[in-house]
């Protein structure tokens with residue numbers, strides 16, 4: 001892929017962003033490719049070093065605030081006529097209620113997911129504290145001369161410690177999974193506002 005093809009796909013993929021943002025990004029990568037070419041690499045190699053254009057587009061969309069995308073999307077391309085304004089006002093109770101319901105469902109799912117994560121870390125912390133308490137108790141019980149009880153306390157402490165370690169790695173993996181899922185969902189939401197016009201142009 002040469003520079004012109006890269007920049008064209010980049011511009012098309014960013015359709016939906018404010019025009020000044022698109023121009024800034026295109027200019028940035030235009031200069032970046034030129035700088036690499038001045039260092040002695042070929043045009044195709046300079047483009048290859050930047051990475052796949054789809055990854056670049058995804059990163060730009062991910063870094064762009066959702067509010068900016070929404071504001072650009074809802075900004076009217078022309079002045080609304082009187083009948084369109086009337087329809088928007090009359091339909092507000094319906095579409096506004098649906099929008100609030102959708103946002104409520106998304107927030108509920110998000111809160112439930114993080115509640116599970118917090119619960120996992122809480123269980124891990126309780127097991128870790130229990131392991132420490134059992135080990136401390138083992139020393140106290142052994143000092144009192146009750147050997148069998150001390151062994152039981154030590155065994156319980158080791159069991160709690162093992163479960164705490166297991167829960168730590170499980171909680172860490174679950175936390176990373178929820179963070180990854182959150183980022184992917186946010187990127188999907190943003191992609192609904194970006195690139196549609198550019199894709200239509202490419203397909204036509």
Sticking with the crude label model, points 7 Å out along Cα→Cβ, report the distance from residue 26 to residue 8 in nm, one decimal please. 1.2
Based solely on its DSSP helices, what 222 nm [θ] is calculated for the chain when runs of n ≥ 4 H residues each add -39,500 (n - 2.57) and the sum is averaged over all residues, nearest 500 deg cm²/dmol? -29500 deg cm²/dmol
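For region 3-74, what is the convex hull (Cα atoms) projected area averaged across all directions, in square nanometres?
4.5
If each residue's Cβ is checked for other Cβ atoms within 10 Å, how do 11, 25, 184 rank with the fewest at the top?
Values: 11 17, 25 20, 184 11.
With the fewest neighbours first, 11, 25, 184 line up as 184, 11, 25.
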Suppose R0 equals 35 Å. What FRET efficiency, 1/(1 + (r/R0)^6) with r the Cβ-Cβ distance, do residue 166 and residue 188 give to the nearest 0.05? 0.60
What is the angle, in °, between the Cα long axis of helix 147-191 and the longest principal axis of the Cα atoms in the chain? Nearest 10 is fine, range 0 to 90. 10
If the elastic network links every pair of Cα atoms under 10 Å, which of 58, 104, 171 fluctuates the most in the Gaussian network model of the chain? 104
To the nearest 10 degrees, how steeply does helix 82-143 sit against the main Cα axis of the chain, on a 0 to 90 scale? 30
Just how far, in whole angstrom, is region 7-57 from region 87-165 if you go by their alpha carbon centroids? 45
By how many degrees, between 0 and 90 and to the nearest 10, does the Cα long axis of helix 3-13 differ from the longest principal axis of the chain? 70
Listed values (i) 1.02; (ii) 1.71; (iii) 0.97, entry calculated as Cα Rg over 2.2 N^0.38 Å: (ii)
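Readers should treat all values here as calculations from the given coordinates under stated rules, not as data from a laboratory. Note that the coordinates shown come from a computational prediction; the quantities given were computed from them, not determined experimentally. Please note: Cβ atoms are built from the backbone with ideal geometry, for glycine as well, and neighbour counts cover all protein chains shown.
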